[in-house]
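Heads up: the structure comes next, in structure tokens.
The values are calculated or read from the model by the stated rules, or taken from the named source; none is laboratory data. Here the structure is a predicted model, which is why all the values come from computation and not from measurement. Because the Cβ atoms are built from the backbone with ideal geometry, glycine has one as well, and the counts that use them run over all protein chains shown.
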Amino acid sequence: MTDTVGFLYPGHSAEDEYPRLEALLGRAGAAVRLPLVHTGIGEDAHRVDALLEMGSAHRLAAGARELRALGAQAVVWACTSAGFVFGWEGAHEQVRALSSAAGLPASSTSFAFARAVRALGAGRAAVAATYPEGVAEHFRAFLKEAGAEVVSVRGAGIVTAAEVGTRGRQEVLALARAGDHPAADAVLPPDTALHTAAWIPDLEEALGKPVLTAYQVTAWEGLRLLDRTAVCPALGRLFRGG
């Protein structure tokens, strides 16, 4: 049986990660489909007011219904920043509204990060964000509500998802290294506009610890919603099983 997890993705910046993830999981023996539907973004800006509008219920509802029509068995809002800026309770309400609109189990990338940190037993996390520092601090607060200790936060100050999507392997490695901290058990680059899926083993080798990236945890969370697991070392320690 093929499991189908649908993703709502704002705009266009790094959506080519979804077929890449599907291919990596398929080569590892996981029968999974990862269709996505694009949502309108309003203004492309890593700014709290713009992100609150980007993640608003009316923007997510139409796409959620479209994913159900595509055969999705669960839905994930695949935008980290337009989830955690709502705060812990607000992000829960966002997911409840998404689940109601889709008629399916639902989650978001923000909650995926919180659960993945817990699954790895990584009590102390370092955030290596593309966002401006002020937005990145909202992610710290969200992870704190989830019970994680954030030992450092670094924001690269990039304002638009379009710019983030142009970053290549060396720039992603540099971002992760710059955001690492000696006390951290894991490093989290949280932006779903950042290409990372092909380079997770490289990132973990370079840092010598787990690296949790947005696409990786989003796919993992979607499978979790279906009570499924997949062993796929190409997607890092989170997918190694056990």
(request) Filter region 22-51 down to the residues that are assigned to a helix (DSSP H, G or I) and in contact with a strand residue (DSSP E or B) (Cβ under 9 Å, 6 or more places away or on another chain), then identify the one that is nearest to Phe239 (Cα to Cα). (result) Leu25
(request) Within region 85-108, identify whether any single residue is free of Cβ contacts under 8 Å to residues at least 24 places away in the same chain and polar (S, T, N, Q), and answer yes or no. (result) yes
(request) Could you pull out the residue among Leu212, Leu203, Leu207, Leu238 that is within 25 Å of Gly11 (Cα to Cα) and in contact (Cβ under 8 Å) with a residue 12 or more places away in the chain? (result) Leu212
(request) Quick one: Ala125 ticks every box in (1) of a type in the set (Gly, Ala, Ser); (2) within 21 Å of Glu15 (Cβ to Cβ); (3) more than 14 Å from the chain's Cα centre (by Cα); (4) modelled with pLDDT of 95 or more except a single one, so which number is it? (result) (2)
(message) Go through (1) over 22 Å from Tyr18 (Cβ atoms); (2) modelled with pLDDT under 95; (3) surrounded by fewer than 17 Cβ atoms within 10 Å (Cβ to Cβ) for Glu163 and report which single condition fails.
(response) (1)
(message) Checking Ala183 against (1) surrounded by fewer than 15 Cβ atoms within 10 Å (Cβ to Cβ); (2) closer than 22 Å to Asp202 by Cβ: exactly one of these is not met. Which one?
(response) (2)
(message) Checking the conditions here, which among Pro210, Pro201, Pro233 is buried (at least 21 other Cβ atoms within 10 Å of the Cβ) and either farther than 18 Å from Pro19 by Cβ or not hydroxyl-bearing (Ser, Thr, Tyr) (or both)?
(response) Pro210
(request) Working only within region 217-230, note down all residues that are at pLDDT 95 or above and crowded, with 19+ Cβ neighbours inside 10 Å. (result) Val217, Thr218, Ala219, Trp220, Glu221, Gly222, Leu223, Arg224, Leu225
(request) Find all pairs meeting these conditions: Cβ atoms under 7 angstrom apart; at least six residues apart or on different chains; first residue within region 38-53 and without any contact (Cβ under 8 Å) to a residue 40 or more places away in the chain; second residue of a type in the set (Val, Ile, Thr). (result) Leu52/Val85
(request) Considering each residue of region 156-214, count those that are touching a strand residue (DSSP E or B) at 6+ places or on another chain (Cβ under 8 Å) and either on the phi > 0 side of the Ramachandran plot or small (Gly, Ala, Ser) (or both), and give that number. (result) 8
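Here is a yes/no grid of residues against (1) among the basic types (Lys, Arg); (2) within 17 Å of Ala230 (Cβ to Cβ); (3) over 16 Å from the mean Cα position of the chain (by Cα):
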| site | (1), (2), (3) |
| --- | --- |
| Ala28 | no, yes, yes |
| Ala31 | no, yes, yes |
| Gly42 | no, no, yes |
| Gly55 | no, no, no |
| Glu66 | no, no, yes |
| Trp77 | no, no, no |
| Ala97 | no, no, yes |
